[in-house]
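Below is one structure, written out as structure tokens; comments come after it.
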Amino acid sequence: MDIIVLKPDTSEENIRHILKKLESKGLKTNVSQGTERTIIGVIGDTSKVTEEEEDAIRAITGVENVVRIVKPYKLASRDFKKENTEISVNGTVIGGRKIQVIAGPCAVENRTMMVDIAEKVKAAGATFIRGGAYKPRTSPYSFQGLGEEGLKYLAEASKKTGLPVVTEIMDPRDMDVIMEYTDIIQIGARNMQNFRLLLEVGSVNKPVLLKRGLSSTIKEWLMSAEYIMSRGNHEVMLCERGIRTFETATRNTLDLSAVPLLKQMTHLPVVVDPSHGVGKLDLIAPMAKAAVAAGADALIIEVHTNPEEALSDGEQSLKPGLFAKLMQEMKPVAQAVGREI
Ligand code: PEP
Ligand code: MN
């Protein structure tokens with residue numbers, strides 16, 4: 001809300017009224033009277049002026065337009081912090097030169113499969129393991145995850161491989177138990193605007209992987225990151241996982257343009273999930289490579305030893321062999337854009 005453009009012929013009285021309103025919010029003003037137009041420059045910390053207050057200023061007689069220069073997502077914005085945020089998890093850095101790869105099953109199904117998949121993705125070069133213990137399923141009759149038992153298997157797989165864990169939280173009531181077992185807390189697409197949950201993860205001392213909502217704009221997504229950061233937790237990474245469009249040939253439409261765009265708008269690391277992004281096995285490798293080329297800091301990829309029998313997302317899970325092949329294929333792409341994988 002940094003510049004207010006007034007309508008021609010706005011009376012002095014109206015101008016005074018507008019200035020008074022702004023000053024009552026603790027802001028300073030600078031009126032610049034041109035031949036055609038009068039413009040009010042607003043000086044001070046305007047980031048705390050809410051969109052509702054901005055709309056209210058728009059409603060004052062004489063105001064033609066309000067142009068906001070300071071972003072509503074202050075802490076997350078590149079203007080606030082110029083350098084890239086690097087998030088270190090036991091020494092493995094997300095947001096640095098090396099692109100990190102998070103791999104594992106959609107859901108933790110049992111101990112053997114979790115440990116087996118973890119060992120295989122580690123051998124292929126993955127640097128984190130993933131697996132859901134609390135699953136956000138469309139149907140209440142689908143497999144909902146193993147809960148704490150699943151977290152224990154993840155911890156066991158992590159201990160065996162040395163790879164840190166990424167797992168999803170759906171309910172603030174699970175926070176204590178999840179904090180015990182995970183290294184990065186995932187907020188799923190369906191919860192991107194669960195503001196109470198965002199505030200909860202904002203109050204803990206663990207990095208957060210914030211997935212983009214199914215139909216969320218980039219601005220809404222950054223506002224959700226802002227919710228987390230506003231509580232003090234600045235270790236947030238944004239994960240593009242595809243959005244809903246009219247297209248039905250793929251599960252979602254993977255918005256890779258979000259990657260370079262976010263790099264301009266925010267200092268936070270950007271992660272891409274090609275698995276949920278396209279939902280089709282054959283498309284995952286090309287989109288993973290495209291994500292690397294676009295500047296992603298990390299990838300999150302679903303891998304399963306027996307996709308046919310998977311309890312969720314089998315159709316988009318790579319077998320370990322294909323995952324290992326993809327890891328090799330991504331290397332020259334990373335090198336071409338000045339990164340390594
Ligand atoms: C997941 O990563 O398993 C998941 C449920 O993803 P999303 O929230 O992006 O649908
Ligand atoms: Mn999944």
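No value in this document is a laboratory result; all are computed from the given coordinates. For clarity, every value in this text was computed on a predicted model and none was experimentally measured. Because the Cβ atoms are built from the backbone with ideal geometry, glycine has one as well, and the counts that use them run over all protein chains shown.
The table that follows gives values for the structure above.
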| read-out | value |
| --- | --- |
| For peptides 261-271, 62-72, sequence by mean Cβ density within 10 Å, most packed first | 261-271, 62-72 |
| Distance between modelled label sites at K21 and N84, nm, 7 Å Cα→Cβ extension | 4.3 nm |
| Near-label residues of the range 262-301 by backbone N, under 16 Å of a point 7 Å along Cα→Cβ of A336 | 285-296 |
| Proxy reagent accessibility, fewest Cβ within 10 Å first, across C239, C106 | C106, C239 |
| Radius 14 Å from Cβ of G202, net charge of other residues (Lys, Arg +1; Asp, Glu -1) | 0 |
| Over the chain, equivalent-ellipsoid semi-axes from the Cα gyration tensor in Å | 44, 20, 18 |
| Nitroxide proxy distance, nm - points 7 Å out along Cα→Cβ at D282 and K325 | 1.3 nm |
| Long-range tail of P(r) for the range 223-307 (Cα pairs > 18 Å, %) | 46 percent |
| Label-point separation, D45 to I60 (7 Å along Cα→Cβ), nm | 2.1 nm |
| Extension gain from Q264 to L199, taking 0.36 nm per residue of separation minus the Cα-Cα distance | 20.9 nm |
| Centre separation in Å (Cα based) which lies between the range 260-313 and the range 76-103 | 17 Å |
| Formal net charge of residues neighbouring I99 (Cβ-Cβ distance under 12 Å; K, R +1; D, E -1) | +3 |
| Cross-link pairs beyond the 21 Å C-alpha cut-off, checked among K20/K48; K211/K280; K81/K331; K7/K71; K25/K48; K74/K219 | K81/K331; K7/K71 |
| Gained length - S11 relative to T112, 0.36 nm times residue gap less alpha-carbon distance | 28.7 nm |
| Radius ratio Rg over Rh of the range 3-67, counting only Cα atoms, Kirkwood formula for Rh | 0.93 |
| Reachable aspartates and glutamates, given that their alpha-carbon falls under 19 Å from the alpha-carbon of K98 and they are not under 8 places away in the same chain | E83, E86, D183, E235, E240, D273, D297, E329, E340 |
| Stretchable slack from N30 to R244, in nm (0.36 nm times residue separation minus alpha-carbon distance) | 72.7 nm |
